[in-house]
Amino acid sequence: MSGAFRIPGAGRLKQAKTARFNFDGQAYTGIEGDTLASALLANGVHLVGRSFKYHRPRGILSAGAEEPNALVEIKRDAARKTPNVRATVQELYDGLEAQSQNRWPSLSFDVGAVNDIASPLFSAGFYYKTFMWPKAAWKSLYEPKIRAAAGLGVSPDQPDPDHYSSRYGHCDVLVLGGGAAGIAAALAAAETGVRVILADEQAEFGGSLRFETGAGIDGQDGFAWAQAAIAELQGMDNVRVLSRTTAFGYYAQNFVGLVERVSDHLSTPGHDLPRERLWQVRAKRVVLASGAIERHMVFADNDRPGIMLAGAARTYLNHYGVAVGRQVGVYTANDSAYAAAIDLKKAGVQVAAIVDLRDHPTGPVIDEARALGIEVNFGRAVIRAGGKLRVSSMTVQPKNGGGERTIPVDAILMSAGWTPSVHLFSQSRGKVAFNDETKRFVPGTYAQDCVSVGACNGTDGLSATIDEAYAAGEKAAKDTGAKTVKSNRPKVDASESWSRGMLGAAPGAGPDTTVKAFVDFQNDVTAKDIRQAVHEGMRSIEHVKRFTTNGMATDQGKTSNMHGLAIAAEELGKPIPEVGLTTFRAPYTPVTFGAIVSHARGPLFDPTRKTAIHPWAEAQGAVFEDVGQWKRAWYFPKAGEDMHAAVDRECVAVRKTAGLFDASTLGKIEVVGPDAAKFMELLYTNPWEKLEPGRCRYGIMLREDGFIYDDGVVGRLAPDRFHVTTTTGGAPRVMNHMEDYLQTEFPHLNVWLTSITEQWAVIAVQGPKSRDIIAPLVEGIDMSDEALPHMSVREGKICGVPTRLFRMSFTGERGFEVNVPADYGQAVWEALWAEGQKHDAAAYGTEAMHVLRAEKGYIIVGQDTDGTVTPNDAGLDWAVGKKKADFVGIRGMARPDLVAKGRKQLVGLKTKDPKVVLEEGAQIVEDPKQAIPMKMIGHVTSSYWSENCGRSIALALVAGGRDRMGDTLYVPMPNGVIEVEVSSMVFFDETGGRLNG
Amino acid sequence: MLLIRCPYCEEERPELEFRNAGEAHIARSANMAGESDDDFEKFFFIRSNPKGIIYERWRHMHGCARFFNAVRDTVTDKFIMTYKAGEPKPSNLPKISNEVVAK
Ligand SMILES: [Zn+2]
């Protein structure tokens, strides 16, 4: 037997397969097909959690996604622990392990429950009021304590071992919700042949047909019809049926996010199965069939375990075969709870009494209840519930006052009416409208190509629902181009129908200040809290919501929003539509980060770019650094060397003999065409028309505002062909910048731009021995200084493969950059390396490259410049063509502030103590004795130990820097003030003789 | 994710393929160097930032790589139309079709 409360013969679950499970260390047995909630209830377990703020004992309120109370942790192993799982959604599997949350030391005895007694301290807005002072205590004391005491589950502390998948979906008609309405709409659309996706969050389709025993369609019981219809849809090639799939977000242009729970219901999920699958679906038309959610009654102690929604009790009975009690009471303001009482009574459960707040309701369900001998009371309210860990009684009073009567019960089924689920409609930016007669917000103005059908549209009754949904499905299909329509509309034989109900607090909810009549169970918000918010001056529902946190928990107020709104409206003396509904936002129910991230984590989080020479550097034991997406060799430590020692050795080797450096990451763009030179004139500050083919020039690119954007050496290969290099990080944006001007400002220029960064591997060979290393391998290029002077380029062959051989230097030494097709990069590197060994050459990394260029005062855009530096500021006026009529930045550069005196200029800094290396980013002041805050006149942009200079060197941006040559300035640091002298930016070989050395 | 029609590819493609490139129809002066400070300020810094209809540039970055112009409603995010770079600013905008009122 799978639980003492399982009624033999009731429900739809096959008794064949039992599933053992464990809750808080106690072993139980359920049936496959159960949810954790139905299995617990079958075993008579109602107490499943403690509430967020007051730590009150809580039970199971619902049988679906709206559940605010029954949140548990599901544990498969140490890494697979999922907190805040709704027991009403989690399907039971053999071996399931669940644990209650937010209690210590145990669920039935929880120390935190003292909050409940001290609750006057925790009323609405208490976080804002109580912990305001002293400010410093917030971080150190209040916040950690509150976080520890409140809060729901505990996050797992290990990496998620599961994998998740992600798919795009395209369809003509997307139907969200698989109850009677969604199935009817899907059938209508599918029969026309258009592509249909039907999704429902439950394991089985049918929606409220799961509990509506009075529904009959096409000669069958409603639920049976639903299963047959789903089987038919599953058999159609143009239809995709997704169960266990929640549409959580409705975005622009009918783009809908869904999460399919693929393996959370399996006892031993296969390793090939993802845990969840994210669907991103673009639909031509969307049919919203999301149903309605039942509201609870707001009365004192309405949160005691055993008190639940009437529809949920029906679901547990009619679908799972579980009685939620042996002696149940019913409290309602609406017909639908009668059906629950009738079903339970027929199943042999005692129904103590129905308490109906309405004065003179009439109808067949009321007659039937009476005929079954159930006591029915009109015009009465349940003013409080008795019991603590489980409800034990309900106290009834005429709603206008009078004698009290206490009735013993072990469960209370309640219904205040049904709220249309307009969440997705609202997310689509549609505007809801309030129907004053039925007191419901229903879809009003649509903003996207969607339509709402059935209960979520405020349509009552199965017949009307199926008619509306079927017609909407047909229309959606036709709108997307369907030609033939079959019109096999399902016929409704029998139907249940109810509407109305009440909003807000019932008479038993106050005004007594100690009464806890819950509106929002998950955030522990009572009717009193909402009234208090209004008394304290909150006028907008958005303010009431934030002040009380009503509707702000993970259930997003699915059961509480309308009650909260009605109480606020009553208190404000305004009609409900004037107070307004709070905005619904995605996600509809919580979505795991795993589903969103999918495979984009670890090495797949971001692409890694590696050069052709990377494997060689790796084999040599290089240490790499990340430069954007690139992995670059940072330095090449020999045995026993730290970074400092390795970089010093590399720097010395380059100036003494030679060094090899992988410069492949350098951005490279080929600018080709009859107007290539004209284009270069407009995009760079320098003059290009007169640059002879075979020569190179250092180019500066500005933005229109006159600030340096990028730089690099440009070689002119032919009159109509430039080989442009950019900074490593700047390559994509420089390409975009060039394309932008070429396409939109200078479209008359006949030019083609091609990114060639990945096509050419670049090997820099720098140092006095560089030519000796290269020359033996080169064919067809005269390597003499006369034929190949500094800043020139030749095409020829190296090691038998094509090369663009640049003579250029980023070290100040005689230097070359050997460009070869990337596929040959490593082979040519290895050949050059072998030659280099004959001359004691070293491989050097990016750190040595930085030091060597700083020794020469060569800037790095983005390090020594920051987007507010002009060519003049950087001492690069010489690179700006004075006779040019136009180039990008020409006007911006002449703006008054950019030519004003006292701008920060790039200069060198030498510390008075040569051993002291400044910190990059350190601020510079004139007078270190001035009061704090000191006047800062600049900052250090680059700073290194230079083994070649035998001292530290630095570059800095300093106000009026070039007029301060030789001046002493100060760098205040936490450990004392460092004295520096302003110097030239060139620290090594000031005459530049070594370029030909 | 928005769908954007590239006027060169003549196809609606997902937003991921595109990159916004700021306001459209801001002409760069043929005599840039001779612009006054005020005119340069208007050209470079001042943008309309409307609530409603905006004319803006997009680039089909991961497609044909062309820059083009679009008319978009900044309130609803709806693209009203797209057109090729260099084409004049449209004066008559098409009405958006699916702003419907139910029942
Ligand atoms: Zn395109």
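The values are calculated or read from the model by the stated rules, or taken from the named source; none is laboratory data. On a predicted model such as this, the values are computed, not experimentally measured, just so you know. Cβ placement follows ideal geometry from the backbone for every residue including glycine, while neighbour counts extend to all protein chains displayed. Protein only, heavy atoms only, side chains kept; ligands, DNA and RNA dropped before computing areas. Shrake-Rupley method; radii C 1.70, N 1.55, O 1.52, S 1.80 Å.
Considering region A:247-300, and only residues there that are over 18 Å from residue A:588 (Cα atoms) and in contact with a helix residue (DSSP H, G or I) (Cβ under 7 Å, 6 or more places away or on another chain), the residue that is nearest to the other protein chains (Cβ to nearest Cβ) turns out to be A:285. Checked against the criteria, residue A:324 counts as at pLDDT 95 or above, within 18 Å of residue A:211 (Cα to Cα), of a type in the set (A, V, I, L, M) and in a loop (DSSP other than H, G, I, E, B). Residues that are open to solvent by 10 Å² or more (accessible area, probe 1.4 Å) and part of a strand (DSSP E or B) within region A:631-670 comprise A:631, A:632, A:633, A:634, A:635, A:661, A:662, A:670, listed in sequence order.
Beta carbons closer than 6 Å, at least 6 apart along the sequence or on distinct chains, pair a first residue in region B:6-26 that is open to solvent by 70 Å² or more (accessible area, probe 1.4 Å) with a second that is away from the ligand (no atom under 12 Å from the Cβ) for B:12/B:3; B:25/B:55; B:25/B:89.
Only one of A:519, A:525, A:544 is farther than 16 Å from residue A:296 by Cα, buried (at least 19 other Cβ atoms within 10 Å of the Cβ) and touching a helix residue (DSSP H, G or I) at 6+ places or on another chain (Cβ under 6 Å). Can you tell me which?
On the way: A:519 fails: farther than 16 Å from residue A:296 by Cα; A:525 fails: farther than 16 Å from residue A:296 by Cα.
Just a single option satisfies the conditions, and that option is A:544.
When region B:47-82 is filtered for residues that are at pLDDT below 95 and within 16 Å of the ligand (Cβ to nearest atom), only B:79 remains. Of the residues examined, residue B:44 is not one that is among the hydrophobic types (A, V, I, L, M, F, W, C), within 14 Å of the chain's Cα centre (by Cα) and either within 15 Å of the ligand (Cβ to nearest atom) or within 8 Å of chain A (Cβ to nearest Cβ) (or both).
Can you say whether residue B:13 is within 12 Å of chain A (Cβ to nearest Cβ) and either within 16 Å of the ligand (Cβ to nearest atom) or of a type in the set (D, E, K, R) (or both), as far as the supplied structure shows? Yes; evaluated as a whole, the condition is true for this residue.
Condition check ((1) touching a Phe, Trp or Tyr at 6+ places or on another chain (Cβ under 7 Å); (2) over 22 Å from residue A:864 (Cβ atoms); (3) not in a strand (DSSP E or B)) across all residues:
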{"position": "A:699", "(1), (2), (3)": "yes, no, no"}
{"position": "A:713", "(1), (2), (3)": "yes, no, no"}
{"position": "A:722", "(1), (2), (3)": "no, yes, no"}
{"position": "A:728", "(1), (2), (3)": "yes, no, yes"}
{"position": "A:740", "(1), (2), (3)": "yes, yes, yes"}
{"position": "A:753", "(1), (2), (3)": "no, yes, no"}
{"position": "A:758", "(1), (2), (3)": "no, yes, yes"}
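Within region A:677-697, track down each residue that is outside any strand (DSSP E or B), away from chain B (no Cβ under 14 Å) and open to solvent by less than 30 Å² (accessible area, probe 1.4 Å). The answer is A:677, A:679, A:680, A:686, A:688, A:691, A:694. Residue A:358 falls short on exactly one of the conditions (1) open to solvent by 20 Å² or more (accessible area, probe 1.4 Å); (2) under 22 Å from residue A:8 (Cα atoms), and that condition is (2).
Of all the listed residues (A:992, A:997), the sole one being of a type outside the set (Ser, Thr, Tyr), more than 46 Å from the chain's Cα centre (by Cα), open to solvent by less than 30 Å² (accessible area, probe 1.4 Å) and more than 28 Å from residue A:898 (Cβ to Cβ) is A:992.
Please go through region B:47-62 and give me each residue that is assigned to a strand (DSSP E or B), facing another protein chain (nearest Cβ under 9 Å) and touching a residue at least 40 places away in the same chain (Cβ under 8 Å), ordered by number. The one that is assigned to a strand (DSSP E or B), facing another protein chain (nearest Cβ under 9 Å) and touching a residue at least 40 places away in the same chain (Cβ under 8 Å): B:59.
Show me the strands (runs of 3 or more DSSP E) entirely contained within region A:357-408 in which 1 or more residues are farther than 19 Å from residue A:501 by Cα. Let's see the steps before the verdict.
On the way: elements: A:376-378, A:380-386, A:393-398, A:405-408.
The strands (runs of 3 or more DSSP E) meeting that bar are A:380-386, A:393-398, A:405-408.
Out of the residues in region B:83-100 meeting the condition of being more than 14 Å from the ligand (Cβ to nearest atom) and modelled with pLDDT of 90 or more, tell me which one is least open to solvent (accessible area, probe 1.4 Å).
Applying the first criterion (more than 14 Å from the ligand (Cβ to nearest atom)) to region B:83-100 yields B:86-100.
Still in the running and modelled with pLDDT of 90 or more: B:86-90.
Working: B:86: 80, B:87: 79, B:88: 105, B:89: 113, B:90: 23 Å².
Among residues in region B:83-100 that are more than 14 Å from the ligand (Cβ to nearest atom) and modelled with pLDDT of 90 or more, the one least open to solvent (accessible area, probe 1.4 Å) is B:90.
Counting only residues that are touching a helix residue (DSSP H, G or I) at 6+ places or on another chain (Cβ under 9 Å) and either hydrophobic (A, V, I, L, M, F, W, C) or touching a residue at least 24 places away in the same chain (Cβ under 8 Å) (or both), region A:401-422 holds 11 of them. Taking the conditions exactly as written (at pLDDT below 95, of a type in the set (A, V, I, L, M, F, W, C) and either in a strand (DSSP E or B) or loosely packed, with under 15 Cβ neighbours inside 10 Å (or both)), does residue B:33 satisfy them or not? Answer is no for this residue.
Are any of the residues in region A:485-501 part of a loop (DSSP other than H, G, I, E, B), under 30 Å from residue A:195 (Cβ atoms) and within 14 Å of chain B (Cβ to nearest Cβ)? Break it down stepwise before answering.
Filtering region A:485-501 for residues part of a loop (DSSP other than H, G, I, E, B) gives A:485-491, A:495-500.
After this cut, where a residue has to be under 30 Å from residue A:195 (Cβ atoms) as well, the list is A:485-491.
The next check asks that each one be within 14 Å of chain B (Cβ to nearest Cβ); those that pass are none.
For region A:485-501, residues part of a loop (DSSP other than H, G, I, E, B), under 30 Å from residue A:195 (Cβ atoms) and within 14 Å of chain B (Cβ to nearest Cβ): absent.
When region A:278-299 is filtered for residues that are over 23 Å from residue A:474 (Cα atoms) and surrounded by fewer than 21 Cβ atoms within 10 Å (Cβ to Cβ), only A:280 remains.
Residues that are of a type outside the set (Gly, Ala, Ser) and either at the interface with chain A (Cβ under 10 Å from one of its Cβ atoms) or touching a helix residue (DSSP H, G or I) at 6+ places or on another chain (Cβ under 7 Å) (or both) within region B:20-41 comprise B:26, B:28, B:31, B:32, B:35, B:37, B:39, B:40, B:41, listed in sequence order. Would you check if residue A:834 is surrounded by fewer than 17 Cβ atoms within 10 Å (Cβ to Cβ), within 14 Å of chain B (Cβ to nearest Cβ) and among the small types (Gly, Ala, Ser)? No, not satisfied.
Let's see how each residue does on (1) closer than 19 Å to residue A:886 by Cα; (2) charged (D, E, K, R); (3) in contact with a strand residue (DSSP E or B) (Cβ under 9 Å, 6 or more places away or on another chain):
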position: B:32; (1), (2), (3): yes, no, no
position: B:53; (1), (2), (3): no, no, yes
position: B:63; (1), (2), (3): no, no, yes
position: B:72; (1), (2), (3): no, yes, yes
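When restricted to residues that are within 10 Å of chain B (Cβ to nearest Cβ) and of a type in the set (Asp, Glu), region A:860-896 contains 1. Just one residue in the set A:214, A:207, A:151 is touching a strand residue (DSSP E or B) at 6+ places or on another chain (Cβ under 8 Å), open to solvent by 20 Å² or more (accessible area, probe 1.4 Å), modelled with pLDDT under 95 and closer than 29 Å to residue A:92 by Cβ; that residue is A:214.
For residue A:76, are the conditions met, namely being without any contact (Cβ under 8 Å) to a residue 24 or more places away in the chain and among the basic types (Lys, Arg)?
Working: without any contact (Cβ under 8 Å) to a residue 24 or more places away in the chain: yes; among the basic types (Lys, Arg): yes.
For residue A:76, the condition - without any contact (Cβ under 8 Å) to a residue 24 or more places away in the chain and among the basic types (Lys, Arg) - is met.
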